[in-house]
Every structure is written in structure tokens, then in C-alpha cells.
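Before any comments, here is the structure.
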Amino acid sequence: IKEQEETEAKAIQIGSKDRSKKRVEASCFVSMEVGRKMANMLGTDHDLNFKETELCLGLPGGIAVVAAGNETESSSSPKTNGKRGFSETVDLKLNLQSKESTMDLNKNLDDNGSKEKSGSAKDPAKPPAKAQVVGWPPVRSYRKNIMANQKNSSEESGNSGAALVKVSMDGAPYLRKVDLKMYKSYQELSDALAKMFSSFTMGNYGPQGMIDFMNESKLMDLLNSSDYVPSYEDKDGDWMLVGDVPWQ
Amino acid sequence: MSEDDERQQSPPSDLEFVSNKARNCNATGSGSGHPEFQSTYPDQVLENVLENVLHFLTSRRDRNAASLVCKSWYRVEALTRSELFIGNCYAVSPGRATARFTRVKALHLKGKPRFADFNLMPPDWGAHFNPWALAMAKAYPWLEKVHLKRMSVTDDDLATLAELFLGFKELVLVCCDGFGTSGLAIFVSKCRQLKVLDLIESEVSDDETDWISCFPEGESNLESLIFDCVECHINFEALDRLVARSPSLKKLKLNRYVSIGQLYRLMVRAPQLTHLGTGSFSPSDIAGQGDQEPDYVAAFAACRSLVCLSGFREIIPDYLPAIYPVCANLTSLNFSYANITAEQLKPIISKCHKLQTFWVLDSICDEGLQAVAATCKDLRELRVFPVDPREDNDGPVSEVGLQAISEGCRKLQSILYFCQRMTNAAVIAMSKNCPDLVVFRLCIMGRHRPDPVTSEPMDDGFGAIVMNCKKLTRLAVSGLLTDKAFDYIGRHGKLVRTLSVAFAGDSDMALKYVLEGCPQLQKLEIRDSPFGDAALRSGLHHYYNMRFLWMSSCRLTRHGCQEIARAMPRLVVEVIRSADEEEMDDVVGTLYMYRSLEGPRTDAPKFVTIL
């Protein structure tokens with residue numbers, strides 16, 4: 001029985017959490033089920049958590065009430081006494097439905113009057129603040145698209161902002177992004193990258209022995225020594241020596 | 001077939017006896033001839049003379065008038081009309097048009113109403129080119145030129161044009177859609193005599209076909225190639241070779257996938273260009289190039305004939321100085337895709353003394369417009385587009401810019417101005433300073449916005465425009481407007497042919513003033529204004545004189561529109577539903593009605609109800 005109750009309870013939870021269309025169904029389900037199986041369901045399963053179900057039946061925790069005489073865990077309802085018969089639950093259901101349908105009706109009226117988000121012709125003195133109206137201002141969608149594309153590509157390519165580039169280091173747990181515009185030379189970039197990735201020496205990363213190697217001061221020494229030269233992989237996948245291509 | 005005589009299939013018979021000269025018995029078997037003149041010789045001579053004379057008549061309005069003189073003139077005019085303009089493709093059927101005009105070489109067709117550009121009409125409404133293409137293939141195999149605006153053209157239609165018209169020379173598609181690069185590929189490959197291919201603000205789907213490579217080898221007759229609206233990569237090497245073998249090429253407008261480096265190469269190939277669309281006007285790589293940059297200034301300097309410059313789709317303003325050499329000769333400059341500041345504009349515009357047409361973004365601010373006003377004394381047409389087309393309280397251009405333009409550019413004939421704020425004073429100033437205005441389109445982007453200084457409606461400003469600009473034929477209004485504004489328009493806008501209204505007016509009276517007061521009104525487009533059935537009725541006397549009436553989100557009811565439909569049998573009254581509307585509603589979402597000789601069209605989609 002307990003399993004049955006659990007599945008029913010979960011069904012209620014699932015049904016009611018889906019607000020959009022299933023609300024009425026859920027309320028039907030619940031109200032009927034509640035009507036019939038009050039005594040069994042309630043007060044026995046702690047993970048029912050009626051608050052969470054948000055059935056919007058108007059009486060939070062009211063369902064719990066119906067368990068005639070049973071103990072309930074739900075304490076939020078102000079109306080703690082009185083049995084609710086099936087007819088009452090039916091009423092609740094109907095109310096819910098009609099409430100929804102009036103809401104829909106209102107929405108339709110609004111749409112008819114104002115045409116899908118456009119300003120209402122009935123109310124000329126008060127245009128909705130900053131709501132986008134279909135086809136207004138009268139700029140051709142062709143032009144609008146072009147301006148939108150321009151905005152996007154300039155954000156990407158850094159015409160008006162940062163020239164962001166992903167940097168990954170073997171063994172590092174995650175990648176970094178650098179803004180190339182912040183640096184004026186390869187040396188600056190190299191230093192910054194070293195600093196960025198030296199942080200991986202701290203803490204728990206790199207238990208495989210990377211720690212020593214990536215110690216910041218050691219790394220700086222290495223970079224500045226003649227044993228190592230900075231290099232990078234270009235877009236063709238070739239390893240290139242830093243410095244051949246001018247920074248600009 | 002023109003708008004003026006669409007409603008008459010033949011002139012009234014009393015006109016037949018007006019002119020002795022044009023009397024023609026039965027030479028062409030037209031029926032009722034006059035028995036007095038038995039000999040056909042003098043009549044034949046006269047008809048030949050008429051034919052020769054009418055050949056010189058090019059204006060379609062003059063031709064329409066000539067065709068009404070008598071049957072004989074009607075016939076001869078029909079024989080000699082070589083350019084056929086149809087302002088509404090549904091006003092007349094292809095069959096009827098080809099039956100009347102038998103020697104047409106050029107067809108100009110317009111389809112959807114303008115408000116379709118702003119997503120106010122569901123797609124697939126109609127305006128299909130296909131039936132016209134097929135009809136003309138039979139009737140005018142010698143057809144050379146097709147010019148379409150707001151029509152739906154398929155790849156098959158393009159194939160038809162290229163295959164069935166052997167001498168086809170010129171295709172211009174403005175605001176069209178329905179075709180793609182594969183259609184273009186077929187078209188250019190088969191159209192051997194092609195001189196002009198102009199794709200303007202059209203939607204071209206990317207079928208990943210390399211259509212530029214499909215131009216036939218050998219010397220090309222190409223004079224104009226405009227494809228700046230085509231949003232697909234193109235094969236640049238093929239384009240380069242094409243330009244190299246097109247010695248007559250005068251107009252070339254590139255799309256944004258052409259970099260400035262590539263532009264350079266093309267300019268070097270074609271210094272004879274008169275119209276140039278520069279493509280992206282930025283390099284293909286942001287990262288610095290190892291090589292030296294080409295000498296762009298020299299390339300522009302070599303184009304001595306350049307008078308019209310546009311493009312700048314992804315402009316890097318550093319390159320702007322390259323165009324200095326051509327500024328002094330420019331009559332037309334289109335910066336409307338270039339987000340530049342006043343400071344970046346000034347060095348350019350200060351050199352453009354001959355400029356007559358200027359399109360620009362409001363990023364140049366009032367200051368930029370002041371610079372325009374200071375130099376461009378010959379300016380005829382100005383369009384200021386918004387970078388950010390939203391309703392905000394702040395905007396970069398305002399009444400200050402408009403005032404400056406009105407003071408500096410006295411010869412202004414046409415203006416389109418998007419702004420967030422405008423005063424009556426500035427509009428009144430323009431009405432007085434620019435008496436030659438023919439087109440005045442002001443778009444105050446905030447709906448119902450009054451004059452910010454006086455808090456008054458914008459009635460007086462627009463009133464001044466219609467009163468003082470005696471040549472005005474096109475008007476678009478905006479801002480807070482009461483019925484009084486429309487009273488002014490009705491009283492003084494006697495030449496107005498096109499009127500655009502949005503979010504304006506208080507009552508039916510506004511529309512009545514216009515319909516009763518403007519005898520030349522041809523195109524009326526209204527949205528979101530409180531006009532109802534009573535107002536609609538007040539235009540019954542005039543609707544046959546109009547090309548169309550559009551009313552969306554107003555207060556029309558179905559039975560009101562039905563009344564109109566019943567009263568006027570030659571009017572097609574379309575009620576267009578948007579997706580969420582119920583069929584049975586009495587409220588009309590969109591009304592689109594137009595005169596037509598054909599009755600309800602057969603290709604209407606489900607969301608259109610023809611009353």
C-alpha cells in the first residue's frame with residue numbers, strides 16, 4: 001500500500017508541477033483521488049511535501065484537512081477543521097478551470113484589441129513602455145538583420161571590444177580566455193599566460209607531478225632562459241616561433 | 001496597363017466621333033466603323049502617323065490619356081506600348097494584359113503592399129511571378145527586360161526567363177524572395193545577352209551554388225551587376241575574371257563577403273565604373289597582414305567616373321580616407337550600413353559638394369547632419385536610418401539635425417528621417433525652407449510622442465508641411481496626432497498620392513478628412529489607428545481611383561468590410577488573418593483592398609478571406 005501511495009503522491013507532484021496545460025488535469029486527478037483516498041494518502045508519507053506540489057487549489061494544505069481525523073503533517077492551512085466532500089473538490093476543480101478559461105479569454109481580447117504585442121488602439125495615450133511592437137519602427141527586416149549581424153560580428157571580432165582568445169594548457173583542468181588587446185607585445189602576453197597558468201600549481205591540481213614544474217618562479221626562469229623558446233600553434237595547425245609575425 | 005484606365009476595357013463609344021483624324025473604319029476589324037469614309041488609304045496613313053508619333057510617347061500617364069481619345073487611338077497606343085507597368089499584379093490578369101498589349105519589350109510588376117516589409121503580412125500571401133512568366137513566354141518571346149518589386153520569384157521562374165526569352169537583357173528584382181543561388185546559376189548561365197542583373201534588398205537563399213562561376217565564358221555584355229543583398233559567399237576568383245571580361249561594366253555592387261583587398265583588385269580591373277558598392281570595406285583577416293596594404297587611394301583616384309558609392313557593410317573607419325579622391329564627383333553616397341561617428345563623417349562629407357542623394361545612419365548624430373547641411377547645398381534626397389530601431393527616450397538625432405538640414409539644403413525634395421524626438425518648430429521650419437519637398441517621411445519612433453518642448457501633438461508640424469510644400473506627393477506621419485492633423489492633410493494635401501499612417505488620429509473623422517479631401521490619393525496604408533467602418537464608407541466614391549488601401553489593427557469589422565465589397569464589385573476586399581485569429585471573429589485584423597478587373601484571385605492562401 002505504501003508503494004501505491006508513493007506512486008500516487010509522486011504522480012500528483014509530477015502532474016501539478018507541470019503548470020501549463022496539465023494543471024487542470026492534475027487538479028482533476030488530485031481532487032478525485034483526494035476525494036476517494038484521503039485517509040490513505042495523507043499524513044503517511046513524509047515526502048509528499050504538499051507545498052511543493054503547488055496545486056493552486058486555493059487551499060494550501062487544505063487537502064490534508066480532509067483526512068478525517070488523521071494526523072497531518074501539513075501545518076500551513078488556516079482552515080484546519082472540517083471534512084471536504086467530493087462536491088467541494090469538484091468545485092475547486094471547476095473554479096480552477098473557469099479561472100483558467102477566463103484568463104485565456106482575456107488574453108484573446110487583448111490580442112484582438114492590440115494585435116499580438118502591438119500597442120492597443122483603444123488606449124492611445126499610454127503606449128507600453130519599451131515593449132517591442134511587430135513591424136515598428138518601420139525598418140525593413142532586411143535592414144534590421146544586417147544591423148543585428150553587424151553588431152554580433154563586431155562583438156565577436158573585437159572591433160568595439162575585446163579580442164578574446166581561448167588558451168589551453170596541457171594538463172590544466174580548464175581553459176582560459178585572454179584579451180589580446182590588453183597586451184602590446186609577445187613578451188607581455190607570455191608573462192600574462194605564465195601567471196595565469198601558474199595558479200594551477202596552487203591547491204589540489206596536478207597531482208601527477210606537474211606541481212614542481214609549474215611553480216611560478218621556476219616557470220619564469222625557464223621561460224627566460226635560452227633552453228626554451230616560446231612557440232604557438234597557428235590556425236593551420238603548425239607550431240610557429242613567437243616573434244616572426246609582428247604583434248600588430 | 002496603368003492604374004488610370006484599368007477600370008475601362010474600352011473607351012465609351014461617344015468618344016469615337018470626337019476626332020476626324022482618328023476615324024478608322026474596319027482596317028483592323030474592330031467593328032463599328034463610320035460609313036462616310038469608304039477609302040481606307042487616308043486612314044491608314046493617319047494611323048501610321050499616329051503609330052510613329054506614339055512611339056515617342058514614353059510616359060505611361062500620357063499613354064493612358066492618349067488611349068482614352070477614341071478606339072483607334074486606344075488600339076494604336078496598345079500596339080506601340082513597349083514598356084508595361086502594372087502597379088498591382090492582381091489588378092489585371094496576365095492574359096488580359098498580354099491580349100491588349102501585344103508588343104511589349106519590358107515588364108514592370110509590383111506585388112505585395114509595402115507594409116509586408118515590416119512583417120505585417122504572413123508569408124506566402126501571394127504575388128507570384130510564375131503565371132506572368134508563363135504568359136509572357138507565349139505572348140512576348142522577344143521580351144528583354146523584367147523589373148519586379150515585392151514579388152515571389154522561384155528558381156523555376158528564373159530558369160524560364162533565361163530559357164524562353166532568347167534576347168533577355170535586363171533583370172531587376174527589388175524586395176523579392178523565393179529564389180536562391182541555384183536559380184541565379186541557371187539564369188546567368190543561359191542568359192547570353194545579359195546586360196543587367198540587379199538584386200536589390202531581396203532575400204536570396206543560399207543553396208551553396210557558385211553562381212558567379214556560371215556566367216558564360218568569353219566577353220560579357222554586362223553593364224550592371226548588383227548583388228549586395230546576397231548573403232552568401234561568392235567565388236572571388238570567378239568574379240575577378242568576370243569583371244575582367246566585362247568591358248561595359250558600369251555598375252558593380254558587391255556583397256559583404258568581399259573584402260577590401262578583393263575590392264581593390266576589382267577596382268583596378270574596372271576603373272570605368274560609375275556606381276560602386278564596396279562590399280565589407282574591411283580586410284578579410286583582423287590579424288595584421290605581413291604584406292603591405294594595397295594603395296586604396298590610388299584605386300579610387302583611378303575611378304574618375306565614379307558618381308555613386310555605397311556598401312561599407314562592415315566598415316573599419318580607418319579605411320575611409322581611401323575614398324577622398326572621389327568625393328568631389330559623388331552625386332550619391334550610401335552610408336546607411338556604416339556605423340560611423342560625426343568625426344569620421346566630417347572629412348568625407350566636407351568634400352562632397354555635388355552630393356544629391358545621401359543615405360546614412362543616425363550614428364552621425366545631429367552634429368553629423370550639421371556637417372552635411374554645411375556642405376551639401378545640392379542635396380535632393382536624405383535618408384537617416386536608426387542604428388538601433390527601438391522605442392527609446394534617447395536618440396542620436398533630433399529636431400536639431402532636421403533644422404540644420406532644412407537651413408542648409410534648400411533644394412531638398414525627399415526626406416526619410418528616423419528619430420526619437422522632434423518638435424513642431426523644426427518641421428515647420430523645414431516646410432518653409434524646403435518648398436520643393438515631394439516626399440516627406442518622418443518617423444518618430446516613440447509611438448504617440450508629442451512635441452517634447454511644447455507637449456503639443458505634432459499636428460501643426462505636419463499641417464505646415466502640407467500647406468507649404470505645394471508639390472508634396474508622398475507623406476508619412478508619426479508622433480502624437482489628433483484628427484486635426486488629418487484635417488490639414490485633407491484640406492491642403494491636394495497632390496498627395498501616398499500616405500502612411502501609424503498609431504495616429506482620434507476618431508473616424510481623421511480618415512474621412514483624408515478620403516474626402518485628397519483627390520489624388522492612390523496608396524493609403526494605415527496601422528493601429530482608431531478608424532472604423534463609418535470611416536471606411538466615406539471613401540466609397542474614391543476607391544476605384546486608388547491602387548490600394550491597407551488597414552491593419554484598426555477598428556474595422558467584417559460586416560463593415562462586407563458592405564464595401566458589396567457596394568463595389570470591382571474591388572477585391574481581402575481580410576487577412578494572423579496566426580492566432582479565429583475565422584469567425586467579426587473583428588478584422590488586416591484589410592487589404594484594391595481595384596481589379598479580375599475579381600477574387602484564385603491563389604489566395606487560407607489565411608486570406610476575400611469578401
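The values are calculated or read from the model by the stated rules, or taken from the named source; none is laboratory data. Values in this document were obtained by computation on a predicted structure and should not be read as measured data. With ideal geometry, Cβ positions are generated from the backbone for all residues, glycine too; neighbour counts draw on all protein chains shown.
With the condition kept exactly as written, say whether any residue in the stretch B:353-374 is touching a helix residue (DSSP H, G or I) at 6+ places or on another chain (Cβ under 9 Å), of a type in the set (V, I, T) and surrounded by fewer than 22 Cβ atoms within 10 Å (Cβ to Cβ). Checking the stretch B:353-374: not a single residue is touching a helix residue (DSSP H, G or I) at 6+ places or on another chain (Cβ under 9 Å), of a type in the set (V, I, T) and surrounded by fewer than 22 Cβ atoms within 10 Å (Cβ to Cβ).
Considered as a group, the residues in the stretch B:563-611 that are more than 21 Å from B:G126 (Cβ to Cβ) and in contact with a strand residue (DSSP E or B) (Cβ under 8 Å, 6 or more places away or on another chain) include one that is modelled with the lowest pLDDT, and that residue is B:D586.
If we keep just the residues of the stretch B:329-351 that are of a type in the set (A, V, I, L, M, F, W, C) and closer than 19 Å to B:K251 by Cα, which is surrounded by the fewest Cβ atoms within 10 Å (Cβ to Cβ)? The residue in question is B:L330. Within the set B:S363, B:S350, B:S398, B:S336, the sole residue that is in contact (Cβ under 8 Å) with a residue 40 or more places away in the chain and hydroxyl-bearing (S, T, Y) turns out to be B:S336. Within the stretch B:395-419, track down each residue that is over 26 Å from the mean Cα position of the chain (by Cα) and within 12 Å of chain A (Cβ to nearest Cβ). Across the stretch B:395-419, the qualifying residue is only B:G395.
Residue by residue, here is whether (1) over 17 Å from the mean Cα position of the chain (by Cα); (2) aromatic (F, W, Y); (3) farther than 20 Å from B:Y257 by Cα; (4) away from chain A (no Cβ under 14 Å) holds:
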position: B:L143; (1), (2), (3), (4): yes, no, yes, yes
position: B:L158; (1), (2), (3), (4): yes, no, yes, yes
position: B:A162; (1), (2), (3), (4): yes, no, yes, yes
position: B:V174; (1), (2), (3), (4): no, no, yes, no
position: B:A185; (1), (2), (3), (4): yes, no, no, yes
position: B:C191; (1), (2), (3), (4): yes, no, yes, yes
position: B:E201; (1), (2), (3), (4): no, no, no, no
position: B:E208; (1), (2), (3), (4): yes, no, no, yes
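Among the residues in the stretch B:63-71, are any of a type in the set (D, E, K, R) and either under 24 Å from the mean Cα position of the chain (by Cα) or farther than 18 Å from B:D43 by Cα (or both)? So far as the stretch B:63-71 goes, yes, one or more of its residues are of a type in the set (D, E, K, R) and either under 24 Å from the mean Cα position of the chain (by Cα) or farther than 18 Å from B:D43 by Cα (or both).
Set side by side, the residues B:L515, B:L475, B:L495 differ, and just one is more than 25 Å from B:V588 (Cα to Cα), touching a Ser or Thr at 6+ places or on another chain (Cβ under 6 Å) and of a type outside the set (D, E, K, R), which is B:L495. Among the criteria (1) farther than 26 Å from B:P569 by Cα; (2) surrounded by fewer than 20 Cβ atoms within 10 Å (Cβ to Cβ); (3) among the aliphatic types (A, V, I, L, M), the one B:A99 does not fulfil is (1).
For the stretch B:107-135, a residue qualifies if it is modelled with pLDDT of 95 or more and surrounded by fewer than 17 Cβ atoms within 10 Å (Cβ to Cβ), and the qualifying residues are B:H108, B:P131, B:L134. Under the condition of being within 13 Å of chain A (Cβ to nearest Cβ) and surrounded by fewer than 24 Cβ atoms within 10 Å (Cβ to Cβ), the residues counted in the stretch B:455-487 number 6. Residues in the stretch B:256-293 that are at pLDDT below 95 and farther than 23 Å from B:I340 by Cα: B:Q289, B:G290, B:D291, B:Q292. Here is a check on your reading of the model: is B:E391 of a type outside the set (V, I, T), within 14 Å of chain A (Cβ to nearest Cβ) and buried (at least 18 other Cβ atoms within 10 Å of the Cβ)? Taking the combined requirement at face value, the residue satisfies it.
The one condition from (1) in contact (Cβ under 8 Å) with a residue 12 or more places away in the chain; (2) among the aliphatic types (A, V, I, L, M); (3) outside any strand (DSSP E or B) that B:A298 does not meet is (1).
May I ask you to verify whether B:A299 is over 23 Å from B:L184 (Cα atoms), more than 27 Å from the chain's Cα centre (by Cα) and not acidic (D, E)?
Details: over 23 Å from B:L184 (Cα atoms): yes; more than 27 Å from the chain's Cα centre (by Cα): yes; not acidic (D, E): yes.
So B:A299 passes the test.
For B:F101, the test of being at pLDDT 90 or above, in contact with a Lys or Arg (Cβ under 6 Å, 6 or more places away or on another chain) and not basic (K, R) is passed. Among the residues of the stretch B:505-518, those that are in contact with a Leu (Cβ under 9 Å, 6 or more places away or on another chain) and either charged (D, E, K, R) or within 16 Å of B:M546 (Cα to Cα) (or both) comprise B:D506, B:D508, B:L511, B:V514, B:L515, B:C518. Just a yes or no: is a residue in the stretch B:426-445 under 25 Å from the mean Cα position of the chain (by Cα), away from chain A (no Cβ under 13 Å) and small (G, A, S)? Yes, the stretch B:426-445 contains a residue that is under 25 Å from the mean Cα position of the chain (by Cα), away from chain A (no Cβ under 13 Å) and small (G, A, S).
Let's see how each residue does on (1) part of a strand (DSSP E or B); (2) in contact with a His (Cβ under 7 Å, 6 or more places away or on another chain); (3) surrounded by fewer than 22 Cβ atoms within 10 Å (Cβ to Cβ); (4) free of Cβ contacts under 8 Å to residues at least 12 places away in the same chain:
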| position | (1), (2), (3), (4) |
| --- | --- |
| B:G167 | no, no, yes, no |
| B:S182 | no, no, yes, no |
| B:L194 | no, no, no, no |
| B:L222 | no, no, no, no |
| B:V230 | no, no, no, no |
| B:E237 | no, no, yes, yes |
| B:S248 | no, no, yes, no |
| B:L266 | no, no, no, no |
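Does B:V188 satisfy the condition of being outside any helix (DSSP H, G or I), of a type in the set (V, I, T) and within 22 Å of B:L134 (Cβ to Cβ)? Taking the combined requirement at face value, the residue does not satisfy it. Checked against (1) crowded, with 18+ Cβ neighbours inside 10 Å; (2) under 28 Å from B:N339 (Cβ atoms), B:P452 meets all criteria but (1). B:N334 meets all of the listed conditions (1) within 14 Å of chain A (Cβ to nearest Cβ); (2) part of a loop (DSSP other than H, G, I, E, B) but one, namely (2).
For the stretch B:140-159, the criterion of a residue being touching a helix residue (DSSP H, G or I) at 6+ places or on another chain (Cβ under 6 Å) and farther than 30 Å from A:N145 by Cα is satisfied by at least one position.
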